[in-house]
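S.K.: Quick one: the structure is below, and I'll ask about it shortly.
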Amino acid sequence: MTTLEFTLSPEAAIRIHDAVSCLAKFNENVGFEASRDKLTINALNSSKTSSASFTLQGNTFFQSYRFASGARLPNGAEAPWTCSILNKALLSIFKDRVIVSSEGESSVERCEVSVQERPDRTQCRFGIKIFCRHGVKKIYKLTYEPIQIPRPLFDPRTCRNRWKIAAYVLKTFSEFFGPRAENLDMFHDDGRVTFTCYTEKIVFKDEVLKQPLHTAITLETADFEEFDVEDKVHAGISVKDFKAIILHAETLKASISALYSYPTRPMQLSYTENGMQCEFTLQTLGEFRGSSVAPASNVIRPTLSRPPTRQSAQGLALQEIREQTVNSMPPPPQPVGRSFSQMASQRTTRPSPPPPKASVNEESLFVPDDDEEDRVWGARNYEEEDEGELRWESARSTTISFGKLQSNSTTTRGYESAPQSEEGRIAPTQRMSQIKGLFDD
Amino acid sequence: MRFKSSIKATNAFIKLTGSLSLLGKIAWMRLDNDQVRFTVIPEQGTQVWAVLSIDSIFEDDYTIQSAAGNNTINLEVPLGPLNRALKSAQNSISASIRLTKKDNAPLLSLTIVIPTPVVSGRALSHVDNQSQHHPDDGIPGNPGLRETTITQDVAVRVLPAAAVEGIHEPRSPDPEVHILLPPLMQLKAISERFTKLGLAPLRGGASTNTRTSSFIDQNTNQVGLQGGSGSGPRLEISANMHGELRIGIRTDALTVQSKWSGLSNPELDPNQVEGGDAGLANHPSTRMRNLEGEESWATVRVEGRDWGRVLGVGRMGGRVVACFCHDKALILYVYLPSDELGGGEDSVLTYYIQSYAA
């Protein structure tokens, strides 16, 4: 039997929310990996070029943390337990407004999570209980899928280049980037660092004017907290990933450290705050226009003895955790039409999953919506407005939605007010017939 | 062909490009020795002709050089990227713009110098801890006056003189009524409210009340919103020479109207009117001044959403005179305030809005 139990303080619950919404920009699922002293939540993007992971230390991040594995590794150690949960489900539970009330105070007092995976039970759920003020208790039961979590291969010893800078500085810069630019290049030359945000596209003559902004920001190496980078080395990553990372790092007021070697090899961005270790491994792009100098020959690269990872040009080299043991519990049975993940996959019949949808409008993150002037004087979007409008209350006449039953709390405000589409709603985890009424026994 | 200048009125430039970008994605930017002009001619909807004196947005170091007469340069400029690029100059130490070429593609390149962002709070203490190593960084809140340079490149197209020869401002008959509009923020809010009422029937479809839904269906057909911007709800705007303005919407379901009074009808300058004083006496607006009742009103019908976008020019903070050509067109003259701009009374934006038939 595998048991995972932990308790979150309101602050930690907010941090979970921030982490999950950051992961939403990488993949629609969140991978969990629990071991004796830490819990890791992670996501790998669909093209396997960027991986994000948050390691939560059992003794510092949580109020309490307990993990007991039902399986052993061949060497006798406890096997980690891994699973995957739909990001949307977690996001709606840890939504901002659920955790932080409108007055800015936390309405949550405590959040308990427990998973018990037993081979003799047909129903294993990821249970989340949120204890709010005034005795309101919200109970969520999520289905999960046992998966193996691939880990990016990244060897910091091969990385000659490192820098560290406050996320705030990078966030300020990212506001200057054009909304549709795709790539970000970092280049160091003679004491100056240039961040270039560009889009590599063959633009037809008539479409010249549709080209996104090309932005270059130059600052001095002295503006970094740490800086040790070879001259004339390029490092290129996706702007989307970069923005997702710095936005999260900025919420923690952290400083981001970067480690990288040369183009096409992975780069790692990381920061650690409050028992939360955040690591992003990103595949860097090939040469940007001009060429980088060849990597300095004196760099020790112990991993070169390994067969060269040719696939690294297309994606991160991933290491599957294969230490799953024989004793491992079979996946919980998932009858059709009942389980969360099955429902989800039935709806999206496309062979490849759609790109992860950020919880928040991607563009609006960086074209700040708080631009008062544009809001007042800009074109009004009549289609998307909803507030203050008289409408028939049609909800009553339609059949009761399963999604609303999922939260057993006295208030479902969080769901009702969420601008979620039919698809965005959380699918049922139980049959109606299985729901026990107040007086059934 | 050369163009280079420091930007003086960054905020006004941002507001100008922001207002224009609501009406079209691309503007024709015409620069010469004396003026900079922006013209937006969308396929459908309102045209804008903006004329600004050079010193209203550019510094004295403005240089322009072209083989064409009066050193004229014609460019096709994407307004969105230009607006965005200018926005990064909002709190800059200095900002300049120049026409250049990269890989043989013409660009408007902005060079912006900003103070290097300073981290406040916790991260600063980190700097403090290291202050023995970096004595320059030791003062919290003022870690040196370092600067960061941003360059923003906006891809543009150079238009040959022949390409713009045939483009002229629309001609319109003498307007019957000219009136100074009430505050645009108010006008915009009310207009948008009305536009929304015109759109509303579309969204009632979920109702289970059969009587209501059939009513809604009729309405939907009537309003017919699914097409482009030309087919949305129409607002009826009218004014007279007695300082009154009305704006309203009529659908099958409702009629609603707002009325302003006590507005001013500016006097025409006889020197500007064809035929001088005699011309002024025969001017349609003089006749309208003497009429009373319904026939004193000149009316136009405009597309609600397009009108809302036009009113976005309110951010420029200028005085707006609306000229009504009954049943034909509405022309707005936006006189830009000289305090916001670097000077020059001769900066004016002209909006040409065609009226729909009744």
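S.K.: Can you tell me how region A:1-116 classifies by the Cα gyration tensor, rounded, prolate or oblate, using a/c under 1.5 as the rounded cut?
M.R.: On the way: a/c = 2.36, a/b = 1.29, b/c = 1.82.
Taking the square roots of the gyration eigenvalues as a ≥ b ≥ c, region A:1-116 is oblate.
S.K.: Explain nothing, just the number: relative contact order of region A:147-211, from Cα pairs under 8 Å at least 6 residues apart, as a whole percent. Intermediate values should be presented prior to the final figure.
M.R.: Working: 32 pairs, mean separation 12.8, N = 65.
Relative contact order, region A:147-211: 20 percent.
S.K.: Hey, can you grab everything whose amide H is under 5 Å from the amide H of A:A254? Only 5+ residues off in sequence or another chain; H modelled, so Pro and N-termini drop out.
M.R.: A:A167
S.K.: Too long at a 29 Å Cα-Cα cut-off: which of A:K88/B:K87; A:K243/B:K25; A:K48/A:K243; A:K210/B:K4? Don't jump to the answer; show the numbers that get you there.
M.R.: Details: A:K88/B:K87 34 Å; A:K243/B:K25 26 Å; A:K48/A:K243 18 Å; A:K210/B:K4 23 Å.
Violating the 29 Å limit, Cα to Cα: A:K88/B:K87.
S.K.: Summarise the partner chain shielding of B:105-117 as one whole number: the mean count of Cβ atoms from other chains within 10 Å of each residue's Cβ. Walk me through the numbers on the way to the answer.
M.R.: Details: counts 3, 1, 3, 0, 2, 2, 1, 3, 1, 5, 0, 6, 10.
Going residue by residue through B:105-117 and averaging, the value is 3.
S.K.: In whole Hz, with x marking every Gly and Pro, tabulate ³J(HN,Hα) for region A:13-20 from phi via Karplus 6.51 cos²θ - 1.76 cosθ + 1.60, θ = phi - 60°.
M.R.: 5, 5, 5, 5, 4, 4, 5, 5
S.K.: Can you compute the label reach from A:S47? Point 7 Å from Cα along the Cβ direction, backbone N cut-off under 17 Å, restricted to region A:225-245.
M.R.: Residues passing the 17 Å test: A:235-245.
S.K.: I need to check one value: relative contact order of region A:14-131, counting alpha carbon pairs closer than 8 Å and at least 6 residues apart, in percent.
M.R.: Relative CO of region A:14-131 lands at 23 percent.
S.K.: Still on this model: As an exercise, use a Förster radius of 30 Å and the Cβ-Cβ distance of A:M1 and A:E109 to find the FRET efficiency, rounded to the nearest 0.05. Let's see the in-between values first.
M.R.: On the way: r = 29 Å, r/R0 = 0.97.
Efficiency for this residue pair is about 0.55.
S.K.: Need one number: nm distance between label points at B:R171 and B:D277, each 7 Å from Cα along Cα→Cβ, rounded to one decimal.
M.R.: My value for the distance between the label points is 2.9 nm.
S.K.: Sticking with this structure for a sec: Work out, step by step, the length gained on full extension between B:K102 and B:S231: first 0.36 nm times the residue separation, then minus their alpha carbon distance; give nm to one decimal. Spell out each step's value before the answer.
M.R.: Working: separation 129, 0.36 × 129 = 46.44 nm, distance 4.21 nm.
Computed gain between B:K102 and B:S231 is 42.2 nm.
S.K.: Using the beta-carbon distance between A:E11 and B:Q257 and R0 = 56 Å, what value does 1/(1 + (r/R0)^6) give for FRET efficiency, to the nearest 0.05?
M.R.: Values: r = 54 Å, r/R0 = 0.96.
Efficiency, rounded to the nearest 0.05: 0.55.
S.K.: In this model, which of A:K171/B:K101; B:K8/B:K188; B:K259/B:K328 are farther than 27 Å apart at the alpha-carbon? Mind showing how you got there, number by number?
M.R.: Working: A:K171/B:K101 29 Å; B:K8/B:K188 29 Å; B:K259/B:K328 21 Å.
Listed pairs above 27 Å: A:K171/B:K101; B:K8/B:K188.
S.K.: Residues with beta-carbon under 13 Å from that of A:K38, excluding A:K38: net charge, scoring Lys, Arg +1 and Asp, Glu -1?
M.R.: Cβ neighbours under 13 Å give a net charge of -2.
S.K.: Still on this structure: Which net charge results for the neighbourhood of A:S84, defined as the other residues with beta-carbon distances under 11 angstrom from its beta-carbon, given Lys and Arg at +1 and Asp and Glu at -1?
M.R.: Numbers: positive: none; negative: A:E28, A:E33, A:E145.
My count for the surroundings of A:S84 gives -3.
S.K.: Using r as the Cβ-Cβ distance of B:N33 and B:E267, and R0 as 35 Å, what FRET efficiency do you calculate, to the nearest 0.05? List each step's numbers first, then the result.
M.R.: Working: r = 33 Å, r/R0 = 0.94.
Efficiency at R0 = 35 Å is approximately 0.60.
S.K.: Shielding by partners for A:219-229, please: the mean number of other protein chain Cβ atoms within 10 Å of each residue's Cβ. Don't jump to the answer; show the numbers that get you there.
M.R.: Details: counts 8, 6, 0, 7, 8, 0, 7, 0, 0, 0, 0.
Shielding by partners across A:219-229 averages 3.
S.K.: Add +1 for every Lys or Arg and -1 for every Asp or Glu among the other residues with Cβ under 11 Å from the Cβ of B:V36, and state the total.
M.R.: Local charge sum for B:V36: -1.
S.K.: Could you compute how much accessible area chains B and A hide from each other, both sides summed, with a 1.4 Å probe? Nearest 100 Å² is fine. Present the calculation step by step, with values, prior to reporting the outcome.
M.R.: Values: alone 18900 and 24690 Å², together 39170 Å².
Looking at B and A, the buried total is near 4400 Å².
The values are calculated or read from the model by the stated rules, or taken from the named source; none is laboratory data. None of these values were measured; they are calculated from a predicted model. FYI the Cβ positions are ideal-geometry reconstructions off the backbone, even for glycines, and counts take in every protein chain you see. Surface accessibility is based on the protein's heavy atoms, side chains included, excluding ligands, DNA and RNA. Shrake-Rupley method; radii C 1.70, N 1.55, O 1.52, S 1.80 Å.
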